[in-house]
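The values are calculated or read from the model by the stated rules, or taken from the named source; none is laboratory data. Just so it is clear, the structure is predicted and the values come from calculations on it, not from any experiment. Counting neighbours? That spans all protein chains shown, and the Cβs are built from the backbone with ideal geometry, glycine included. Protein only, heavy atoms only, side chains kept; ligands, DNA and RNA dropped before computing areas. Shrake-Rupley method; radii C 1.70, N 1.55, O 1.52, S 1.80 Å.
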Amino acid sequence: MKRLFLFSMLILSAFFVYAQKDYKVVFDLTSGDSLSQQTAIRWVSEIIKAEPTAQVEVVMFGKGLPLAIKDKSAVADAVTNLASNKNVAFKVCAVAMASQKLDKSQLLPGVQTVPDGIYEVISKEREGWGYIKVAH
């Protein structure tokens, strides 16, 4: 009976370790609203605090770019701080930047660009990442 219990505990522990290491989530931000920006930062921060090995990405396109733009972001310090974490990425759609006449020099430190924000989200989903639409 002891062996069965110990074996069960070992299997359960292995499951939790595996589940924690596979924590990957991509956030889709298309709103420039300051409340949506704060919501995205709160969610990213909570995930990283609860599971430091989680991989988190925030993809901004459409009207969501202000989160990552100097002098427009309501959460600039938090973005810069979180972007320094190797498991957190903030990525801005190059198509949206071009249509809004924004330049890479206007991005906050640590923010990256991707050719197409929608394709970035779809690619992450194909790779097994969870998908969350940021809304407040």
Exercise for review: Could you calculate the contour length gain from GLU46 to ALA98, that is, 0.36 nm times the residue separation minus the distance between their Cα atoms, to one decimal place in nm?
Suggested key: 15.5 nm
Exercise for review: For the stretch 58-136, state what percent of all Cα-Cα pairs lands in each successive 5 Å bin, counting from 0 Å until the bin that includes the largest distance.
Suggested key: 3, 16, 27, 26, 20, 8, 1
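With a sphere of radius 14 Å drawn around the Cβ of LEU29, what net charge do the other residues whose Cβ falls strictly inside it have (Lys, Arg +1; Asp, Glu -1)? Write down the numbers at each step before the final one.
Working: positive: ARG42, LYS63, LYS72, LYS91, LYS124, LYS133; negative: ASP28, ASP33, GLU57, GLU120.
With Lys, Arg at +1 and Asp, Glu at -1, the neighbours total +2.
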Review point. Under the classification rounded if a/c is under 1.5, otherwise prolate if a/b is larger than b/c and oblate if not, where does the stretch 42-101 fall, given a ≥ b ≥ c as square roots of the Cα gyration tensor eigenvalues?
Key: prolate
Check your understanding: Roughly how many percent of the accessible protein surface of the stretch 37-136 is carbon and sulfur, given a 1.4 Å probe and a whole-percent answer?
Key -> 54
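Excluding GLU120 itself, what net charge comes from residues whose Cβ is under 13 Å from its Cβ, given Lys and Arg +1 and Asp and Glu -1?
For residues surrounding GLU120, the net value is -2.
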Review point. By a straight-distance test (C-alpha under 13 Å), which aspartates and glutamates pair with LYS86 as possible cross-link partners, with residues fewer than eight away in the same chain excluded?
Key: GLU57
Review point. Each label point is 7 Å from the Cα along the Cα-to-Cβ direction; what then is the distance between the points at LYS86 and ILE132, in nm?
Key: 2.3
Check your understanding: What lysines sit close enough to LYS101 to cross-link, taking a C-alpha to C-alpha distance under 23 Å and skipping anything fewer than 8 places away on the same chain?
Key -> LYS63, LYS70, LYS72, LYS91
Review point. Loop-only check: which trypsin sites (Lys or Arg not before Pro) in the stretch 89-135 are DSSP coil with at most 10 other Cβ within 10 angstrom?
Key: LYS101
